[in-house]
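Some notes on the structure that comes next.
We did not get these values from a lab; they are worked out from the coordinates using the rules stated. Just so we're clear, the structure is a prediction, and the values are computed from it rather than from any experiment. A quick note on method: Cβ atoms are made from the backbone with ideal geometry, for glycine too, and the neighbour counts reach across all protein chains shown.
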Amino acid sequence: MNFDYLLCWHLDDGPPEQWPTVVCDTALIDPPEPYAGTATALLVEIAELRNPVPVIGYVTEIDGVPFRLVRHE
């Protein structure tokens, strides 16, 4: 069964910059999968094909990825 996933924040009483990042299936059948970092860091890891959250690991396995992120530090 294919699901689509959302990158979200788990809202709590803390300030927004401290809200945990989670990955949820759109049907909300499974509990959210936590990610230990910011939403920006999660997107960078996905773009760099690092498979940071197993539930969306298929994204990093797609053939023919059109680019690789190059970081300028």
Arranged from highest to lowest average of other beta-carbon atoms within 10 Å per residue, in what order do the peptides 34-47, 9-22 appear?
34-47, 9-22
FRET efficiency for Asp12 and Asn51, using Cβ-Cβ distance with R0 set to 22 Å, rounded to 0.05:
0.25
